[in-house]
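To keep things clear, I will list the structure first and then write my remarks on it.
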Amino acid sequence: MTLIEVQVDRLVGPTHHFGGLGVGNLASQQHAGQISNPQAAALQGLDKMKRVAQLGVPQVILAPQPRPDFEFFKRVGFDGTETERLRQAIQSDFRVLSASLSSSAMWVANAATVSAAVDNRYGVTSLTVANLVASLHRSIEPDVTYADLRQSMPPGVKVMPHLFGGAEMRDEGAANHMRLGSSQNIAGIHVFVYGDGSPAPQQRWPRQTRAACQAIARQHGLHPADTFYLKQHPDAIDAGAFHNDVVAASHHDLMLYHERAFHNADATLAAIDQRYQQRFGRPLRREVVTSEQLSLDDSVSAYLFNSQIVSPGDTSRAPVLVGPAQVRRHDQANRIVTDWCDRQLFSAAIFVDLDQSMAGGGGPACLRLRVPMTPVEMSQIPESVRWSESLDQRLRQIIQETYPTEFAPAHLIDASTLSKVIKAQSALRDALSG
Ligand code: SUG
């Protein structure tokens, strides 16, 4: 029996903007205050989904989370009607305003951590929604994420609410987790990556803790012998790798990473190799990129490791790498991809323009959550959220008709902009609920 990685993306919302809110995220900080183009951002996301779906990969689409988040205004002390709360935020607290409008839920690699049914003691495909407590704007995502995943996943899939425990349990989901396996329905090997503990980064706050990783492994009932923990290298966090998927990627038996992605990892990596070999009867393929080939700084600016790796529907083909256009424009990064393709690690490399997402620090891999499913589970995904040519067309039309082409939070002073944003979001929710 096979196991297929379903790709779940969330549409970029009409209030996508550059708030500079991403903790330890250089692109987010560099673009803070620039005017965004939500319409282009959403279309770029849809273009990527189309490229992936056309490879024969199952693609699920979620609607943007509703913004502004009027409940959040209330919880931080703004009262009155929705319009009054919004006006108070505009007048007195830019960070709260910006957080309430953030489209950051589009980066669904941070939505949840996932294990396949075959991986865990309960025999149930399991997801733990990430609490995202490291940043103000992302901490408002989990409740809607939970509801959306419940609705869009097959009925047998277990979606668990986010971890409790505040900063000590801070969790950013699949961006800090790698499932090594194969296309067979055989238990995978789980590698969790955390950033806290000694040695600590000098300049930035690690967003994922070891305690959170361990709690998720327990919740899912993962087998301890199949579960490993790696510490992010503090230099990588300081260089702007605010998530592991900025300096490492994985797919089935392939693990790609920068030589400075992990701290003191040799023994754990050797144990992972051994486990993989025992389980799958062949070696894990570990591809290490040295600093000489590509510096940490350039890994962060080109986002090579944030490429999305997918197995095409034509199973005779090697996986396809879907990289950000920035990689093609970067000589060294591009050379590495060419070498990987020459050596048949990938049957093709496709480059996609995601400039609007990249400016917030999100590449192709940030924009998707992988959920490994059996064909039976896949057949139970609600039709309304599955990518199809006609759904793609409908969503594009709504976005072209309703999304602003320029946006900054202060634009919401204008009541007609607010009403357009709200209309756009509800039209998309309707289109995706069948
Ligand atoms: O959490 N950016 C996101 C980017 C997330 C990328 N995800 C992965 N690497 N998987 C973040 O920092 C930018 C928001 C702003 O600039 O206002 C932001 O939230």
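Going through Leu256, Leu269, Leu230 one at a time, which residue ends up being closer than 23 Å to Leu294 by Cα and assigned to a helix (DSSP H, G or I)?
Residue meeting the stated conditions: Leu269.
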Query raised in the report: Which one of Phe78, Phe164 is open to solvent by 40 Å² or more (accessible area, probe 1.4 Å) and either among the aromatic types (Phe, Trp, Tyr) or within 16 Å of the ligand (Cβ to nearest atom) (or both)?
Result: Phe164
Query raised in the report: Only one of these conditions is not met by Val376: (1) open to solvent by less than 10 Å² (accessible area, probe 1.4 Å); (2) more than 24 Å from Val289 (Cα to Cα). Which number is it?
Result: (1)
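Against the condition over 21 Å from Gln425 (Cα atoms), acidic (Asp, Glu) and open to solvent by less than 10 Å² (accessible area, probe 1.4 Å), how does Asp119 come out, does it pass?
Working: over 21 Å from Gln425 (Cα atoms): yes; acidic (Asp, Glu): yes; open to solvent by less than 10 Å² (accessible area, probe 1.4 Å): yes.
Judged against the criteria, Asp119 is a match.
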Report task. Would you mind finding the one in Val12, Val60 that is away from the ligand (no atom under 13 Å from the Cβ) and closer than 30 Å to Pro372 by Cα? Result -> Val60
Query raised in the report: Out of curiosity, is Arg386 within 16 Å of the ligand (Cβ to nearest atom), surrounded by 15 or more Cβ atoms within 10 Å (Cβ to Cβ), under 19 Å from Thr145 (Cα atoms) and at pLDDT 95 or above?
Result: no
Query raised in the report: Hey, any hits in the range 218-233 for a residue that's under 24 Å from Gln30 (Cβ atoms) and of a type outside the set (Phe, Trp, Tyr)?
Result: yes
Report task. Give the residues of the range 24-55 that are buried (at least 18 other Cβ atoms within 10 Å of the Cβ), within 12 Å of the ligand (Cβ to nearest atom) and outside any helix (DSSP H, G or I), sorted by residue number. Result -> Gly24, Asn25, His31, Ser36
Query raised in the report: Would you pick out the residues in the range 389-408 that are surrounded by 22 or more Cβ atoms within 10 Å (Cβ to Cβ) and closer than 18 Å to Ser36 by Cα?
Result: Ile399, Tyr403, Phe407
Requested in this report: Those residues that are open to solvent by 30 Å² or more (accessible area, probe 1.4 Å) and away from the ligand (no atom under 14 Å from the Cβ), I need them from the range 356-373; list them, please.
Outcome: none
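Report whether or not Ser250 is closer than 30 Å to Thr2 by Cβ and either in contact (Cβ under 8 Å) with a residue 40 or more places away in the chain or over 20 Å from the mean Cα position of the chain (by Cα) (or both).
Working: closer than 30 Å to Thr2 by Cβ: yes; either in contact (Cβ under 8 Å) with a residue 40 or more places away in the chain or over 20 Å from the mean Cα position of the chain (by Cα) (or both): yes.
So Ser250 fits the description; yes.
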Query raised in the report: If a residue has to be part of a helix (DSSP H, G or I) and away from the ligand (no atom under 11 Å from the Cβ) to count, how many in the range 233-253 make the cut?
Result: 5
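Being aliphatic (A, V, I, L, M), within 16 Å of the ligand (Cβ to nearest atom) and outside any loop (DSSP other than H, G, I, E, B) is the filter; apply it to the range 124-160 and report the residue that is most open to solvent (accessible area, probe 1.4 Å). Outline the logic, then answer.
First, pick out the residues of the range 124-160 that are aliphatic (A, V, I, L, M): 124, 127, 129-130, 132-134, 136, 140, 144, 147, 149, 153, 157, 159-160.
Still in the running and within 16 Å of the ligand (Cβ to nearest atom): 127, 129-130, 132-134, 136, 140, 144.
Filter again for outside any loop (DSSP other than H, G, I, E, B), leaving 127, 129, 144.
Details: Leu127: 0, Val129: 1, Val144: 44 Å².
Filtering first and then ranking leaves Val144.
The values are calculated or read from the model by the stated rules, or taken from the named source; none is laboratory data. Keep in mind that this is a model prediction, so the values were computed, not measured. When we count neighbours, we look across all protein chains shown, and the Cβ atoms used for this are built from the backbone with ideal geometry, even at glycine. Keep in mind that these areas ignore ligands, DNA and RNA; they rest on the heavy atoms of the full protein, side chains included. Shrake-Rupley method; radii C 1.70, N 1.55, O 1.52, S 1.80 Å.
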